[in-house]
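Before any comments, here is the structure.
Read-outs: derived from the displayed coordinates by stated rules, not from any lab. As the structure is a prediction and not an experimental result, all values here were calculated from the model. Glycine also receives a Cβ, built like all others from the backbone with ideal geometry; neighbour counts cover every protein chain displayed.
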Amino acid sequence: MALAPGTRLGNYEIVAAVGAGGMGEVYRSRDPRLNRDVAIKVLSPQLANDPAAVGRFEREAMSVARLSHPNILSIFEFVQQNGTAFVVTEFVEGETLRARLEGGPLAARRAVSYALQIARGIAAAHARGIVHRDLKPENVMITRDDHVKIRRLRKVAVATDGAVYPVISPKGDSLIFVSGGDRDMFSAPIGATTATPTRLSGNETGGKYFGPTSWSSDGALLTGPLALASGHYAGVGVYDLGSRRTTEVSSDKTGGVQWLPHTRRLLYFTNNGTQLVVVDYATRVRTVVDVRLPAPATDDTFAIAPDGRAIYYGAARAEADIWIVERK
């Protein structure tokens with residue numbers, strides 16, 4: 001049953017219903033203690049009577065609550081009382097990205113700004129072992145001043161400590177991450193129940209350790225930087241999930257490598273973000289792209305368009321600037 005305006009729920013007062021989903025209903029509410037509006041998601045009665053569902057709801061809420069990032073919706077509190085379970089989050093004045101898109105095509109600069117904000121938020125979540133299993137325009141809020149807020153993140157159920165920088169498979173059913181001082185690499189399925197990760201052998205070559213940053217479109221290969229035990233970047237590698245073997249394909253120093261979609265070519269920035277390089281994994285041919293970059297790039301944060309014809313990146317010394325490199 002929907003809660004009527006004026007209903008008290010714990011320390012909060014319901015203002016209005018703002019949405020509903022499979023797990024429950026969402027209300028705009030008032031926190032009189034801090035004199036601010038908040039959003040409250042109330043777990044449906046069916047799920048509230050299921051201890052396993054409530055436990056999962058609480059664990060995921062508390063995991064995301066420990067993540068502080070300007071592009072991720074903040075979670076303030078999880079409450080259980082009188083058979084009701086709910087989570088309290090910040091209230092966003094704005095609309096979903098879906099609603100914004102329905103108003104017509106976005107200007108290129110605005111679209112790139114949204115994409116980079118989403119990428120930064122998701123990268124921060126991945127660094128804490130948190131993934132978004134349902135990233136879509138409906139789950140991205142745009143504030144009135146064009147600030148992105150990602151909602152409905154979930155904790156990956158992996159039984160390990162110290163997991164960092166997970167890379168999600170193309171099908172979204174598994175992940176690869178590094179742990180143990182960035183020297184050990186593991187894989188784990190993504191599911192509702194806790195999974196025990198499997199250690200992947202062969203992630204070291206010539207005293208350099210492989211760190212995955214991108215998965216090939218067919219799911220067979222990973223690419224990423226190679227680093228010395230000291231943590232300094234020392235090359236670019238490709239890890240074959242079938243043979244469990246790492247191959248060094250370049251000695252360039254970079255912090256992020258991406259596969260070009262549906263190819264065996266990989267791409268990265270190097271030389272302090274002033275060069276854009278493409279390496280063909282099959283032939284090992286290294287090509288410096290003949291393009292004058294308008295500003296040095298942040299080598300570990302960039303995005304490639306699905307058709308591979310454009311690269312979006314932020315300038316290293318002026319992150320408010322967003323640049324697009326297009327392939328003619």
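Spin-label pair Arg292-Leu34: with each label point 7 Å from Cα along the Cα-Cβ axis, the two points sit 5.0 nm from one another. Whole-percent P(r), region 1-70, all Cα pairs, 5 Å bins from 0: 3, 15, 21, 21, 24, 12, 3. Taking 0.36 nm per residue of separation and subtracting the current Cα-Cα distance, fully stretching the chain between Glu58 and Arg199 would add 47.9 nm. Here the extension length gained between Asp173 and Asp145 equals 6.6 nm, from 0.36 nm per residue of separation less the Cα-Cα distance.
Derived from the Cα gyration tensor, the three semi-axes of the equivalent ellipsoid of the chain are 40, 24, 15 Å, largest first.
A simple packing score, the average count of other Cβ atoms within 10 Å per residue, orders the peptides 233-239, 205-211 as 233-239, 205-211, with the highest score first. Full extension of the chain between Ala108 and Val278 gives 58.7 nm of extra length, using 0.36 nm per residue less the Cα-Cα distance. Modelled spin labels at Leu228 and Val18, positioned 7 Å past Cα toward Cβ, are 5.1 nm from each other.
Highest GNM mean-square fluctuation among Glu102, Glu90, Glu13, for the chain modelled with Cα contacts below 10 Å: Glu102.
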